[in-house]
Amino acid sequence: MDRIRLLLLVDYALVRESLSRQLRLEADFEIVAECGTAVEGLEALGRLSAHVVLLDVDAVGDRAAHFISTARSEGYRGTFLALASQKDAASLLVPLRAGASGIFRKHTSLDSLPRAIRQVAAGEAWLDLEVLQLLAGSTVERENRSLHGLLTKREQEVLQGVLDGLTNKAIATAVGISEGAAKAVLREMFRKAGVRRRGQLVRVALAGSLPAAGS
């Protein structure tokens, strides 16, 4: 992929224009559309090719999931990076469950945004440490049956470390195993989840949709 084609869906014109100016400075980015409403965004996706939709959750209100599912049903095959100001985990989970590849908090420095965009464009998830901590707490409170029923106790402990943003070495220390054993547990979790990367495991685990072993 030579250039990453971006569609901006941000309701406030001042913010949208500021983001556009900032992102146009990146040599590998191309802004294909700047939209202020969900209707404009869907119309633009219907006639333009975009790799990443930068989706301002505030612009679509509580219809983020509907926007993502509609875009998918109408043929969009790219990824979504949600911009969010919400502080509660339940709200942050909505776009993730709908298929967004990441959450970028609005109070985060814009310097990190190009990296987040490149990461989701490459098929990875983007969740900063603060979002991970919020969602990890929500995951524990919900005690998702499908997740807990699929993973062993050791795997649950390692997964918690992943959700907390710990390195493999730090996870090994927290769990009381060697770093090599921690990596082996992660590989087994990748197999169960049907993923190949750590970021993908985070997204699947937080969405509470780990498939059954062997599926």
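The values are calculated or read from the model by the stated rules, or taken from the named source; none is laboratory data. If you're wondering where the values come from, they're calculated on a predicted model, not measured in any experiment. Positions of Cβ are backbone-derived with ideal geometry, glycine not excepted, and every protein chain shown enters the neighbour counts. Just the protein is used for accessible areas: all its heavy atoms, side chains included, with ligands, DNA and RNA removed. Shrake-Rupley method; radii C 1.70, N 1.55, O 1.52, S 1.80 Å.
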Residue hits (region 38-55; under 16 Å from Ile68 (Cβ atoms), open to solvent by 60 Å² or more (accessible area, probe 1.4 Å) and touching a residue at least 12 places away in the same chain (Cβ under 8 Å)) are Glu40, Gly46
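Within the group Glu17, Glu26, Glu43, which residue is out of contact with any Leu (no Cβ under 8 Å at 6 or more places or on another chain) and assigned to a loop (DSSP other than H, G, I, E, B)?
Numbers: Glu17 fails: assigned to a loop (DSSP other than H, G, I, E, B); Glu43 fails: assigned to a loop (DSSP other than H, G, I, E, B).
Only one candidate passes the filter, namely Glu26.
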Going through region 9-37 in order, the residues found to be open to solvent by less than 60 Å² (accessible area, probe 1.4 Å), touching a helix residue (DSSP H, G or I) at 6+ places or on another chain (Cβ under 6 Å) and not β-branched (Val, Ile, Thr) are Leu9, Asp11, Glu26, Phe29, Ala33, Cys35
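In the list Gly46, Gly61, which residue meets the criterion of being farther than 18 Å from Asp11 by Cα and among the small types (Gly, Ala, Ser)?
Going through Gly46, Gly61 in turn, just one is farther than 18 Å from Asp11 by Cα and among the small types (Gly, Ala, Ser): Gly46.
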When (1) in a loop (DSSP other than H, G, I, E, B); (2) open to solvent by less than 70 Å² (accessible area, probe 1.4 Å); (3) at pLDDT below 90 are applied to Lys87, the one that fails is (2)
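May I ask you to say which residue of Leu163, Leu132 is among the aliphatic types (A, V, I, L, M), open to solvent by less than 10 Å² (accessible area, probe 1.4 Å) and at pLDDT below 80? Explain how you work it out, then say what you get.
Values: Leu132 fails: open to solvent by less than 10 Å² (accessible area, probe 1.4 Å).
The conditions single out Leu163.
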